[in-house]
Structures are given as structure tokens and as C-alpha cells.
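The structure under discussion appears below in the form of C-alpha cells.
The numbers here are math on the coordinates, done by the rules we state, and not lab data. Quick caveat, the model's predicted, so the values are computed rather than measured. Here the Cβ positions follow ideal geometry from the backbone for every residue, glycine too, while neighbour counts run over all protein chains shown.
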Amino acid sequence: MTTLLDGYVKIGDVKHNRNFFDSLNDPDVVAWTAMIVGYVQNGLNNDDVELFRCLLSYGPKPNNFTLSVMLSECSSLASLNHGKQIPASALRSGAESSVSPTNALISMCAKAGSIENTKRVFSQVSWMRDNVSWTSVIIDLAQHGLGLEAIELFEEMLALKIEPHHITYVGVLSACTHAGLVKQGQNYFCMLQNVHKIVPF
């Protein structure tokens, strides 16, 4: 069943894919996700969101992959309106135990320009943050002119011994620029080379 759905997706035959999906008596979450992915890959943004709503109302509980697909899609569209229902479903389904949907959700809020939502989601998932989560928020804060907050978050990240990567440092150095902290920016530039062994380009 899933192989057929996947086959229709790969050849871009969304119509036959949906007809086959609708013929299933009790599709499981894998089938639902395959159909949603078909819409996503063919750029049918309204259809994928609508099918996801149907999944929440009538289908099985979405898994982490389903949520990641939809959150990433909403993130690429920078559509906070499309994504508003997804955070609630993620929390209800227990998918907050996975880093992937969490990072996609943070990314969605950041790309939609909603710094308050970004910070709120980040604070709610404190037990599941990885360096991608921290980096996304640091960059978002810096882009919104909140350089001091970004630097404070970076220092908290270091205190928790979470290893930053080169993109994290891009955000931190940008934050220093926005805040006019030249000396601190120089210190971080030395730190990225001497402490974290990152070669600047």
C-alpha cells in the first residue's frame, strides 16, 4: 500500500495517489504521511495543510515524521497561520519528545518573523534542545536586533556545555555587530578558533 503511494508520489501523479488513498478502508499513519508528502513535493500547499487537518480530526495520531514534514513545510512558506494548529497537536501527541519536530517548529516561528512565538516554543521544550535549537533562536534574536539577548542565550548554551557550530557563531557575531560590542565580538572570534577549533572562512 505504502509502496504504491510512494510510487505515485515519485512520478508526480497526485490525482491517482489521492484516488488510491481515498479507496483505503483504514489508512495508517504511514499512508497518511505518504499522501501529505505527495502534496508537499508537488507544491500543493493548501492540499497538504487540509489533509493534515483531516488527519488530526479523523485519522490516527500523527507521528514525529508527519509533524516534521508539516512543520518544515510551514517553515518554508513562512506561514505561521498554517502552522498554528501544529504546535498544539505536537504537544498533545507527545511528539515534543523528538528533537526534529521541535527544531522545525522553532524554525517555522523564526521564518514567520514571530520572535515571541520562537522564544515561547524554545522555553517550552527545554528538555529537548540541541545545538540546532539554540542556534535557531540565537540567529532569530540577532536578526530582530536583540543582540544582547542573543549573546546571553549563547553564554547560557556554553554554560550547559552544548557545543556550538560555525552557524551558531555567525549568529553570535551578528548579535555583537547589532549591539556594538566590538571587543566581545573579537573574543568570540578567537573562541571559535581556539576553543571550538572552527576554521573561519
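Amide H to amide H, with H built 1.01 Å from N, R129 comes under 5 Å of no residue 5 or more places away or on another chain. Using R0 = 25 Å, the C-beta based FRET efficiency linking E50 and T3 works out to 0.50. When only the Cβ of Lys, Arg, Asp and Glu is charged (+1, +1, -1, -1), the dipole of segment 125-201 relative to its Cα centre reaches about 240 debye. Label-to-label distance, D28 versus N42, with points set 7 angstrom from Cα along the beta-carbon direction: 2.4 nm.
Note on Q124 and K15: the extension gain reaches 35.3 nm, defined as 0.36 nm multiplied by sequence separation minus the Cα-Cα distance. Here the 3J(HN,Hα) profile of segment 142-159, calculated from phi with Karplus coefficients 6.51, -1.76 and 1.60 at θ = phi - 60°, is 4, 5, 8, x, 9, x, 5, 5, 5, 5, 4, 5, 4, 5, 5, 4, 5, 4 Hz, Gly and Pro shown as x.
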